[in-house]
Amino acid sequence: MYELNQKRQKTVAKQEFLAFTLGREEYCIDILKVQEIRGYETVTPIPNTPAFMKGVVNLRGLIVPIIDLRIKLQLEMVTYDQFTVVIILSICGRIVGVVVDSVSDVIALAADEIKEAPQLGAAIKTDYINGLVTLDERMLIIIDIEKLATMEEIISLGKVLETA
Amino acid sequence: METDLLEIERGSSDPELLQSIFRTVHSIKGGSGSLGFDAIADFSHQLESLLDKLRSGQVEPNRELVNLLLRSVDVERSLLGEVQNGIGIDMSVVEQLKNEIAQWHSRVIPIGLPNTEAAVGQVITYRIEFKPHRGFFLSGNDPIRILRELASLGEIETNCEISQLPPLAEIDPEASYLSWACRLRTVHTSDAVREAFAWVTDDCDLSIQAVPELGELPRPQHNPIPNPHSVDRRAEDHGLGRRASDRVTMDLATSDVGATRQQTLQVTAEKIDGLVNLVGELVITQTMLKQSIDHFDISRLVQLQATIALFERNTRELQQAVLAIRMLPVSFVFGRFHRLVRDIGMALGKKISLEISGENSELDKSVIEKLFDPLTHLVRNSLDHGLETPEERLGAGKPEVGTLSLHAQHRGGHIEIVVRDDGRGLDPDKIAAKARALGLIASDETLDAQRAQQLIFRSGFSTADRVSDLSGRGVGLDVVRENITSLGGRVEVTSTPGQGSMFLIRLPLTLAIVEGMFVQVGADTFVLPLAFITECMQSNEQMVKRIAGQGMVVEVRGEYLPVVELRRICNVADGMEIGKGVFVMMEADNKRVALLVDALIGQDQVVIKSLETNYRRVDHLAGATILGDGRVALILDANSIVRGQIH
């Protein structure tokens, strides 16, 4: 009975993450924020928007903005092909899509498995990184997708462009 | 209630108004009591007693009393709001109002009528005649219950009058034929006795007379004399259910009961029936289509096309009918301003008359709701800064009472709402001074009237000498403009110093659908709202003239229009040269431009999808739409394109 309780307690404490790759790095985001995963289809660009804003797509009648995480994370650019994946997220009450290279798997992590992210100096802004995980020699970077893709940043950036 | 009270204040002596107010409060009391909402029932009871005095002529409605009653209406609203939405209210406000009402009661001791407010404990005999109307049972009432309740008040003797009973064969079991004459000996007041009949006063003939024990001739009384003691008794009885004092205080004067409730709509049955019919037709057309396709051969093509045309008509009609459901008359918004203008006018010591016209014009429900805040701000501005005090007005040769008018009118595909006052108007010198102070213009620059008037919409701009509670902080008109633009509309101001100002709000009627022209620039398709297009012309080299080496214009029938290259606005990489595209003449705001696109593709109705839901507002774009092949096309905002060019 006691062991059963212990086991139950252990599974409750785990949080599930969706792992995806971008270039040579692997990231995880909270799976509860993921709505669906789609392929990369024609995106309609919106003029006068920041570079990481690729445009909008039609998601069953809803206009959803698509963000290029590579540009946001300042990785090198690649061309998008049929293997490119778009993860549709529901964050802050909005539906947003992010372009990634590929999606790997769903991982359940307990709080103690997540290690704190090291400070990499003031030059590299890493406040969107919630922690690091080691899994079979892979290092997964857990990111707070809301911080990375928040509209506030996009909006304020947009405002700067408008008044310029 | 509020409208009636305002009527009374304006001097109407129509007794029906008081009756109507009394009946409303009475119903609220009855309903809330039987549903267990004690706080509302209790408050309503006190209000009702006071109103009873009013309607029986024992009290004359003066300004103070009307104020008290208006505040009571606010309290009722907030109590109801608490029940509906769970918005907590400050019970101390309710208590205070109850005390004031009680004070009014005690102030008015009716003269000339014998005081049957017995000292507590004294037995009074009442002679009660209770004759239910024929349809008494139909409202779910039963005389026996009422008589039992009377019996619980004291000693009762009843005499049943059966003379109206028809023979058994002719009796309608659902009709009431009996009446009663009772003698009730009780320590309770006539008020409490009448309470037993609270639900049925309209369905019976009732008379309750206190018969003094000494056998004097009973005086006919039509109204029970309200007793402050009975008020207290009720308070004890109900136990009030005093809520904890840590509830949020609600600003009663600006309570907006409808705002937080889950959205519901009241729609006439007629509109719904119309919808049902249209859907029926749609189903029929769909069946026709299916049949056509099932046994299709090329000879049937014409018929198929006709059916599809019918299908299109049905869809369009259905669409209009559905949109019409959400339309409400503007009076919903305008109506709320009577109270606002009255209160603010009194607070500022200004005499203001509010004129409303065109209130039957209809607008989409969501637009109406979003219109309230900007309109309130404009009205407050007018009252605070525009309209002068009575002395100033007389000094300027104007009538003492200032006029604020709200007007709504349909015009084409838009609705125009005008807020006009005959006050001071905008002072161009003051605006110029403020602009210089803010560094918006050079110190030696002068402003023409038009530009000056545009400046007041800037954030932080206010020429008010003093900041009042209402306005003057300079954080107002820019928000108003933003609110209006987010509804797809525009707001402009015209003003004559000394004579007044006029704010014009223009809003599109339907937010969701627009007739659009599809244009191509590079590999992208954009949509231009047809309403803003005047004509299209093929371009050729000779038409385009340059100015100062950079600007371009085209000549159209003697007029030179500035050229706007769509590919520049939209940063489309590849486009065509000037000589090979198409000019689309657009007109907005009385300004015209020639928009250069690569080609025209077609014309159709498009459903506007919001960019802001998941992204944000983008300059020059009014939204997006989904094309037949599933791709997204961006809808251009004609106003900003035309405006952007002129600047």
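The values are calculated or read from the model by the stated rules, or taken from the named source; none is laboratory data. Bear in mind that the values here come from a model prediction, so they are computed numbers and not experimental data. Positions of Cβ are generated from backbone atoms using ideal geometry, with glycine treated the same way; all protein chains shown enter the neighbour counts.
How many residues are facing another protein chain (nearest Cβ under 9 Å) and either in a loop (DSSP other than H, G, I, E, B) or in contact with a helix residue (DSSP H, G or I) (Cβ under 6 Å, 6 or more places away or on another chain) (or both) when one looks only at segment B:614-628? Count: 8. Quick check on B:LEU611: is it in contact with a strand residue (DSSP E or B) (Cβ under 7 Å, 6 or more places away or on another chain), assigned to a loop (DSSP other than H, G, I, E, B) and at the interface with chain A (Cβ under 9 Å from one of its Cβ atoms)? Judged against the criteria, B:LEU611 is a match. Scanning segment B:526-573 for residues that are under 43 Å from the mean Cα position of the chain (by Cα), closer than 12 Å to B:MET585 by Cβ and either within 14 Å of chain A (Cβ to nearest Cβ) or not β-branched (Val, Ile, Thr) (or both) gives B:LEU528, B:PHE532, B:GLU535, B:CYS536, B:LEU561, B:PRO562, B:VAL564. Among the residues making up segment B:27-51, those that are over 17 Å from B:GLU100 (Cβ atoms) and not small (Gly, Ala, Ser) are B:ILE28, B:LYS29, B:LEU35, B:PHE37, B:ASP38, B:ILE40. Taking segment A:42-58 as the range and being assigned to a strand (DSSP E or B) and within 10 Å of chain B (Cβ to nearest Cβ) as the test, the residues that pass are A:THR44, A:MET53, A:GLY55, A:VAL56, A:VAL57, A:ASN58. Remark: B:LEU289 matches the filter, which requires a residue to be over 30 Å from B:ILE505 (Cα atoms), touching a residue at least 12 places away in the same chain (Cβ under 8 Å), more than 35 Å from the chain's Cα centre (by Cα) and surrounded by fewer than 16 Cβ atoms within 10 Å (Cβ to Cβ). The listed residues are B:SER27, B:SER44, B:SER20, and the only one of them that is farther than 26 Å from B:ARG342 by Cα, not in a loop (DSSP other than H, G, I, E, B) and not acidic (Asp, Glu) turns out to be B:SER27.
Checking each residue in segment B:526-554 for being part of a helix (DSSP H, G or I) and closer than 27 Å to B:ILE635 by Cα picks out B:LEU530, B:ALA531, B:PHE532. Is one or more of the residues making up segment A:83-90 surrounded by fewer than 14 Cβ atoms within 10 Å (Cβ to Cβ) and away from chain B (no Cβ under 14 Å)? Yes.
Does A:THR42 count as touching a Lys or Arg at 6+ places or on another chain (Cβ under 9 Å) and without any contact (Cβ under 8 Å) to a residue 40 or more places away in the chain? Spelling it out, A:THR42 is indeed touching a Lys or Arg at 6+ places or on another chain (Cβ under 9 Å) and without any contact (Cβ under 8 Å) to a residue 40 or more places away in the chain. Of everything listed in (1) in a loop (DSSP other than H, G, I, E, B); (2) within 14 Å of another protein chain (Cβ to nearest Cβ), the single unmet condition for A:ILE67 is (1). Within segment B:147-195, the set of residues being closer than 14 Å to B:ARG134 by Cα and among the small types (Gly, Ala, Ser) comprises B:SER163, B:ALA175, B:SER176, B:SER179. Checking each residue in segment A:39-62 for being at pLDDT below 90, aliphatic (A, V, I, L, M) and under 15 Å from A:ILE95 (Cβ atoms) picks out A:VAL43, A:MET53, A:LEU59, A:LEU62. Just one of the listed residues (A:GLY61, A:GLY23, A:GLY39) is more than 9 Å from chain B (Cβ to nearest Cβ) and farther than 19 Å from A:LEU148 by Cβ, namely A:GLY39. For segment A:91-106, residues that are out of contact with any helix residue (DSSP H, G or I) (no Cβ under 9 Å at 6 or more places or on another chain) and either within 13 Å of chain B (Cβ to nearest Cβ) or more than 25 Å from A:ILE129 (Cβ to Cβ) (or both) total 3. Among all positions in segment A:107-120, there is no residue which is aliphatic (A, V, I, L, M), at negative phi and within 14 Å of chain B (Cβ to nearest Cβ). With respect to being in contact with an Asp or Glu (Cβ under 8 Å, 6 or more places away or on another chain), away from chain A (no Cβ under 14 Å), at pLDDT below 85 and more than 11 Å from B:VAL527 (Cβ to Cβ), B:MET585 falls outside the description.
Pairs linking a residue in segment B:518-545 that is free of Cβ contacts under 8 Å to residues at least 60 places away in the same chain to a residue that is buried (at least 20 other Cβ atoms within 10 Å of the Cβ) and in a loop (DSSP other than H, G, I, E, B), with Cβ atoms under 6 Å and 6 or more positions apart or on different chains, are B:SER539/B:GLY581.
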